[in-house]
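Here's the structure, in structure tokens; my notes come after.
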Amino acid sequence: MYTDVLLPTTKLSSFVSGYFLVNAEDQNHEIALRTYESGVSLAVPLGKPFDFFVGNNHTEEEEVTFKSFDKPYLFWNAKSVEYFSVKGDARIVFIVFTEHGLQLFLNEKNPSYEEPVFPISRLGIPIFNLIVKRKLRFNQDDKAGLQIIEEELLRFFNKFQENENHQSEIDLDTEFPFIP
């Protein structure tokens, strides 16, 4: 198992603080992982789906229910996660947003969820569509997977930059009402 902390490209630096890559290649055993301690992060799987468990600490004798990690999950309240473990060839990229990036990602809403971890599809955010998920699923290389993630984040955050550029082009000296 190895982990790595990576910085975003300069185009994403105002939205993303960095990436935390976890590669746990052990197909038979459960491996406990630490969650990113800053609070909110987006976990994106690379490669084939694997199983994961989020909950309270448990002993080896206790039966726990694993879920399939086959889509991006938002770690909404990572501080409340006592135990996070994976089974299988687990390759995950945790995206740590800046405060500005998180506001834009959540569409300036402040959702309150009881669950500390849930799929981002619940938020209705137009990111990581089926084509991108398919590219990530068939990905074999961490570097190429991170490039796919960055391209998707650039596509997502570019629409906010376009809106800001459009707002700055409006001439406020014209008479109202007007349609920009």
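With respect to the cross-link table entries Lys87/Lys133; Lys48/Lys135; Lys135/Lys159; Lys87/Lys135; Lys48/Lys71, which display a Cα-Cα separation exceeding 18 Å?
Details: Lys87/Lys133 20 Å; Lys48/Lys135 11 Å; Lys135/Lys159 22 Å; Lys87/Lys135 22 Å; Lys48/Lys71 10 Å.
Violating the 18 Å limit, Cα to Cα: Lys87/Lys133; Lys135/Lys159; Lys87/Lys135.
What percent does the relative contact order of the stretch 2-166 come to when contacts are Cα pairs within less than 8 Å and at least six residues apart? Mind dumping the intermediate values first?
Numbers: 289 pairs, mean separation 47.7, N = 165.
It comes to 29 percent, rounded to a whole number.
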* Return the distance in nm (one decimal) between the two label points of a simple spin-label model at Lys67 and Gln103, each offset 7 Å from Cα along Cα→Cβ. => 2.9
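Just rank Arg91, Arg122, Arg137, fewest to most, by other beta-carbon atoms within 10 angstrom. Write out the running numbers ahead of the final one.
Details: Arg91 24, Arg122 11, Arg137 15.
So the ranking, lowest neighbour count to highest, is Arg122, Arg137, Arg91.
Since every read-out is calculated from the coordinates, none of them should be taken as a lab result. Computed from a prediction, not measured in an experiment: that's the story for all the values here. Backbone-built Cβ (ideal geometry, glycine too); neighbour counts: all protein chains shown.
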